[in-house]
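Asker: My structure is below; once you've seen it, I'll send some questions.
The values are calculated or read from the model by the stated rules, or taken from the named source; none is laboratory data. These numbers come from a predicted model, not from an experiment. Glycine gets a Cβ as well: all are built from the backbone with ideal geometry, and neighbour counts include every protein chain shown.
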Amino acid sequence: MGVRKLRLGVFQAVMLLFRELNRGKCKTYLVACPRTKRALLIDPLRENISRYIALLAYHQLTLDAVVDTHTHADHPTAGFQLCDLVDARLIMHRRAPAPAVSQHVEDGDDIAVGDARIRVLHTPGHTPDSISLHVEDRVFTGDVLLIQGTGRADFAGGDAGQQYDAITDKLFALPDETLVFPAHDYRGNISSTIGQEKRTNPRIAGRTRQQYIDLMASINFPMPENIQEVLQPNQSAIEDDRTKFPDLAELNRVRQLSAQEVRAMCGEADAPLLIDVREPNEYRGELGHIAGSVLIPLRELAARAGELEPHRGRRIVAVCRSGVRSTTAAAILYGLGFERVYNLRDGMVDWNDRKLPVER
Ligand SMILES: [Fe+2]
């Protein structure tokens with residue numbers, strides 16, 4: 001099974017350059033156009049930023065973009081720092097919670113890398129923002145489809161049913177000979193093929209959707225230690241020492257409200273205070289903000305909590321892009337003794353999808 005190209009490999013059509021860069025369980029892929037020398041990195045690790053920059057320089061490649069296939073829970077992403085250092089674009093799915101994403105993509109979008117076109121497939125299930133990238137003869141499957149396995153569906157908005165649909169409807173619809181390169185492999189594999197996984201993947205092959213959901217629910221995955229310490233900086237692009245992130249129990253206490261519920265509350269006599277915890281450019285950006293919401297970016301929330309003292313008895317609803325940073329914000333406010341705090345579930349992405357009014 002698989003190809004073993006340990007040196008800079010090439011693949012068909014526009015003869016793209018290709019390489020896996022970490023040589024570990026966690027995979028980072030380089031895809032580059034040899035004519036234009038434009039490059040793309042998929043899922044780079046923060047600990048390896050120097051290696052990536054050196055390698056790009058050695059091969060005289062210009063980094064156009066970084067794609068994170070999803071918000072990672074197991075390693076700090078290099079995306080924020082690396083894109084800032086070399087002026088590359090950070091590309092993630094529209095449902096990705098983090099600020100500082102320069103291009104949001106959706107199912108069916110194409111990402112240009114020199115002469116190559118990389119097709120985005122929205123493949124949620126491991127996380128709501130999971131994408132796979134299909135280019136030429138191969139597909140990068142993130143943590144949705146692994147070699148002889150599948151990614152966990154039990155945290156960070158995971159959903160086993162969605163994962164089954166993504167794998168069977170989208171990934172298994174690719175030609176059988178398509179090479180599969182996942183974001184992780186724990187057994188020393190380098191690649192597989194769609195046909196191989198269709199036939200022999202022990203989690204999926206021969207299982208109905210319900211059987212797959214039951215199987216995933218029956219596996220008692222241990223919760224990784226310190227998961228929130230990795231996840232929340234990746235969700236918020238905050239890495240300073242002033243922000244003390246809540247733990248999982250504190251996050252789980254936050255009461256979640258739908259867009260319709262928040263909309264209805266805003267029309268009541270004792271309307272809640274809406275706090276928008278995104279960055280200023282997002283507040284005024286394409287998704288807009290809810291009329292009357294007060295902008296306090298998450299990174300400033302603890303320091304500026306004094307501004308909220310006059311509203312201590314009032315209901316407070318935290319708002320962000322996808323409802324993830326605002327859950328952190330609501331948990332921080334609980335910790336500071338604000339008891340009537342809620343979160344707008346799925347954030348301004350969902351608010352916009354429901355065509356509710358926004359200001360810009
Ligand atoms: Fe993951």
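Asker: Can you tell me which of THR168, THR127 is more than 22 Å from ILE91 (Cβ to Cβ), free of Cβ contacts under 8 Å to residues at least 60 places away in the same chain, of a type outside the set (A, V, I, L, M) and not in a strand (DSSP E or B)?
Answerer: Details: THR127 fails: more than 22 Å from ILE91 (Cβ to Cβ).
Exactly one residue qualifies, and that residue is THR168.
Asker: Another one. Scan the range 52-88 residue by residue and report those that are small (Gly, Ala, Ser) and either touching a His at 6+ places or on another chain (Cβ under 7 Å) or without any contact (Cβ under 8 Å) to a residue 60 or more places away in the chain (or both).
Answerer: ALA54, ALA57, ALA65, ALA78, GLY79, ALA88
Let's see how each residue does on (1) at pLDDT below 95; (2) buried (at least 18 other Cβ atoms within 10 Å of the Cβ); (3) closer than 17 Å to PRO246 by Cα; (4) of a type in the set (A, V, I, L, M, F, W, C):
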{"position": "LEU298", "(1), (2), (3), (4)": "no, yes, yes, yes"}
{"position": "GLU309", "(1), (2), (3), (4)": "yes, no, no, no"}
{"position": "GLY313", "(1), (2), (3), (4)": "yes, no, no, no"}
{"position": "SER326", "(1), (2), (3), (4)": "no, yes, yes, no"}
{"position": "ARG345", "(1), (2), (3), (4)": "no, yes, no, no"}
{"position": "LEU356", "(1), (2), (3), (4)": "no, no, no, yes"}
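Conditions tested, residue by residue: (1) surrounded by 17 or more Cβ atoms within 10 Å (Cβ to Cβ); (2) modelled with pLDDT of 95 or more.
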{"position": "ARG23", "(1), (2)": "no, no"}
{"position": "TYR29", "(1), (2)": "yes, yes"}
{"position": "ARG38", "(1), (2)": "yes, yes"}
{"position": "SER50", "(1), (2)": "no, yes"}
{"position": "LEU55", "(1), (2)": "yes, yes"}
{"position": "ALA65", "(1), (2)": "yes, yes"}
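Asker: For residues in the range 147-164 being surrounded by fewer than 24 Cβ atoms within 10 Å (Cβ to Cβ) and more than 24 Å from ASN252 (Cα to Cα), which is nearest to the ligand (Cβ to nearest atom)?
Answerer: Checked the range 147-164; the qualifying residue nearest to the ligand (Cβ to nearest atom) is GLY149.
Asker: While we're here: Hey, could you check the range 129-146 for residues that are away from the ligand (no atom under 13 Å from the Cβ) and farther than 19 Å from PRO44 by Cβ and say which is surrounded by the fewest Cβ atoms within 10 Å (Cβ to Cβ)?
Answerer: ASP137
Asker: Does ASP68 count as acidic (Asp, Glu) and more than 16 Å from the ligand (Cβ to nearest atom)?
Answerer: Spelling it out, it is not the case that ASP68 is acidic (Asp, Glu) and more than 16 Å from the ligand (Cβ to nearest atom).
Asker: Test of understanding: among HIS126, HIS122, which residue is within 17 Å of the chain's Cα centre (by Cα), surrounded by fewer than 24 Cβ atoms within 10 Å (Cβ to Cβ) and within 16 Å of the ligand (Cβ to nearest atom)?
Answerer: One residue alone meets the criteria, HIS122.
Asker: Here is a check on your reading of the model: is ILE91 without any contact (Cβ under 8 Å) to a residue 40 or more places away in the chain, away from the ligand (no atom under 16 Å from the Cβ) and buried (at least 17 other Cβ atoms within 10 Å of the Cβ)?
Answerer: The answer is yes for ILE91.
Asker: Name the single residue that is farthest from ASN352 (Cα to Cα) among those in the range 281-324 being in a loop (DSSP other than H, G, I, E, B) and of a type in the set (S, T, N, Q).
Answerer: Here the answer is SER293.
Asker: Just name the residue that is farthest from VAL105 (Cα to Cα) out of those in the range 71-81 that are crowded, with 22+ Cβ neighbours inside 10 Å and more than 14 Å from the ligand (Cβ to nearest atom).
Answerer: ALA78
Asker: Of the residues GLN162, GLN211, GLN228, only one is assigned to a helix (DSSP H, G or I), under 18 Å from the mean Cα position of the chain (by Cα) and more than 30 Å from GLU300 (Cβ to Cβ); which?
Answerer: GLN162
Asker: Tell me which residues, restricted to the range 177-194, are more than 16 Å from the ligand (Cβ to nearest atom), outside any strand (DSSP E or B) and of a type in the set (A, V, I, L, M).
Answerer: Answer for the range 177-194, where residues must be more than 16 Å from the ligand (Cβ to nearest atom), outside any strand (DSSP E or B) and of a type in the set (A, V, I, L, M): ILE190, ILE194.
Asker: Restricting to the range 169-180, name every residue that is under 14 Å from LEU121 (Cα atoms) and in contact with a Phe, Trp or Tyr (Cβ under 9 Å, 6 or more places away or on another chain).
Answerer: Correct list: VAL180 only.
Asker: Only one of ALA291, ALA271 is in contact with a Pro (Cβ under 9 Å, 6 or more places away or on another chain), in the same structural domain as LEU333 (by TED's automatic domain parsing), of a type in the set (Gly, Ala, Ser) and farther than 18 Å from THR328 by Cα. Can you tell me which?
Answerer: Just a single option satisfies the conditions, and that option is ALA291.
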